[in-house]
Each structure stands twice: as structure tokens, then as C-alpha cells.
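S.K.: Provided herewith is a single structure, encoded as C-alpha cells, for subsequent inquiry.
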Amino acid sequence: GADSEVVVYDEVSTKDAARIWWILRYWGVSDVRLLNGGWKAWKMEGLPTNAEVSSPPNAVHFKATPRNKRLLTKDQVLRSLAEHGLQIVDVRSHDEFCGIELKQNKRGGAIPGATHLEWSVLIDPATDRFKSPEALRRLFDRAGIDLDKPTASHCQSGGRASVMVFALELMGAKDARNYYPGWSEWGNSD
């Protein structure tokens, strides 16, 4: 339900968990958290695990209410390019950003004026935890990302961008959005 307390984790450096975190927040669940380090950190710390199948929880009524302030559309990105009122952070790989790796897209490259900061640099590969606040601050500063300015993150299809949105909010950004369709829309749009 909208008032549920939800903790999300995965075993792929938070990429899938962050996507679920963002989707739940977008649709109106307020108290959604990521387990820092996910399954990898849980196991590394020797915390208890259970292999039993859980009983399904009791169903609750949930009315999904989109929080449009969390999402950016292609039209909003286009307007922001003309107005210069939004930082766009491309979190894809270097090869995707430079147009070398097209994936399944018609075109490669980047949204004009986008800053490149690959999502994976936010995560400590040894622990799968987010890097320290000091390390995140250095990454954002070096990339020229101002936490006080409205920011939109994008990737191919929203998952990696969700990691960036989480990190931005973790560091105090008040207006961090996800251009969820990302390059799958931008790179294929006529």
C-alpha cells in the first residue's frame, strides 16, 4: 500500500533494486528504501538468511497515483534544451555516450549538453554499497553536477538512471528526475 515500508535489494550492484525503488516512489509509495550493498553485503556480513517459501502477505488496497515531478518526458527534455534550466546526466557506458555502442537503437550519441557520469562509479565494486558521501561529492563535483540545480538522469531504459536519481537524493538533491524512456526513446525518435 501507499503507507507500506518497503526495502528493496538485489545482487546486481543495486541496478535492479533502484529501478523498483524509483517505480514504487513514482506510483506513490513514500517509504521505499534500498538495502545498501544488497544481497552481496548481507551475505558478506553473515546476516541471517532463510530458504523457506514465505506465505503471501495480506492484500491491501493500493491506488497508484503518479508523482509526475519524478519523471521527465521527451518534450520536457526538448524544452529544457532551449531554456537551459536542467542538468541532464547520462549514466550509460562511455561507448554508449560516445555513440560507439548503439545497442538496439537507430542512432548513438548523447543528448546535447548532457554530462556523462556512468552509474557504476557510484558503487563500490567490492561491497556493492554506495560510495561514501565524500567520494560521491567528488564524483559529482568533477562531473560538474550541481546538487542544487534541477537534474534529470537517463540511460537506455530507466534502471541505471534510477541508481543516479537515488544517489542524487541521497546527497541532498531536491529536484532529481528520471527520463525513464531515455535513449531507447531519444535514440529511436525520428
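The values are calculated or read from the model by the stated rules, or taken from the named source; none is laboratory data. These numbers come from a predicted model, not from an experiment. Neighbour counts are summed over all protein chains in view; Cβ atoms, including those assigned to glycine, are modelled from backbone coordinates with ideal geometry. Please note that ligands, DNA and RNA were not included when accessible areas were found on the heavy atoms of the full protein model with its side chains. Shrake-Rupley method; radii C 1.70, N 1.55, O 1.52, S 1.80 Å.
S.K.: For the stretch 74-148, state what percent of all Cα-Cα pairs lands in each successive 5 Å bin, counting from 0 Å until the bin that includes the largest distance.
M.R.: Whole-percent P(r) values from 0 Å outward: 3, 14, 19, 21, 19, 14, 7, 2, 0.
S.K.: Tell me which trypsin sites (Lys or Arg not before Pro) from the stretch 95-190 have a DSSP coil assignment and no more than 11 other beta carbons within 10 Å of their own.
M.R.: Lys106, Arg107, Lys174
S.K.: Taking the stretch 1-69, how much of its Cα-Cα pair set, in percent, is spaced more than 14 angstrom apart?
M.R.: It works out to 66 percent of all Cα pairs.
S.K.: Follow-up. What ranking do 56-66, 1-11 get when scored by the average of other Cβ atoms within 10 Å per residue, highest first?
M.R.: With the highest mean Cβ count within 10 Å placed first, the list reads 1-11, 56-66.
S.K.: Please report, as a whole percent, how much of the solvent-accessible surface of the stretch 44-86 comes from carbon and sulfur atoms (probe radius 1.4 Å).
M.R.: 55 percent
S.K.: Let me ask something additional. Measure up Lys69/Lys174; Lys40/Lys174; Lys103/Lys149 against 22 Å on the Cα-Cα distance and list the ones that go over.
M.R.: The answer is Lys40/Lys174; Lys103/Lys149.
S.K.: Moving on to the next point. Starting from the Kirkwood Rh over alpha-carbon pairs, what translational D in µm² s⁻¹ does the stretch 1-124 have by Stokes-Einstein at 25 °C and 0.890 mPa s?
M.R.: The calculation lands on 138 µm²/s.
S.K.: Taking the Cα atoms only, what angle lies between the long axis of helix 159-170 and the longest principal axis of the chain, rounded to 10 degrees?
M.R.: The two axes meet at around 80 degrees.
S.K.: Provide Rg over Rh for the stretch 65-190; use the alpha carbon set for both Rg and the Kirkwood Rh (inverse mean inverse pair distance).
M.R.: 0.95
S.K.: Rolling a 1.4 angstrom probe over the protein heavy atoms, how many square angstrom per residue are accessible across the stretch 147-190?
M.R.: Heavy-atom accessible area per residue stands at 34 Å².
S.K.: Also, I was wondering about something else. If you average 1/r over every pair of different alpha-carbon atoms in the stretch 119-169 and take one over that average, what Kirkwood value in Å do you get?
M.R.: For the stretch 119-169, the Kirkwood estimate is 11.5 Å.
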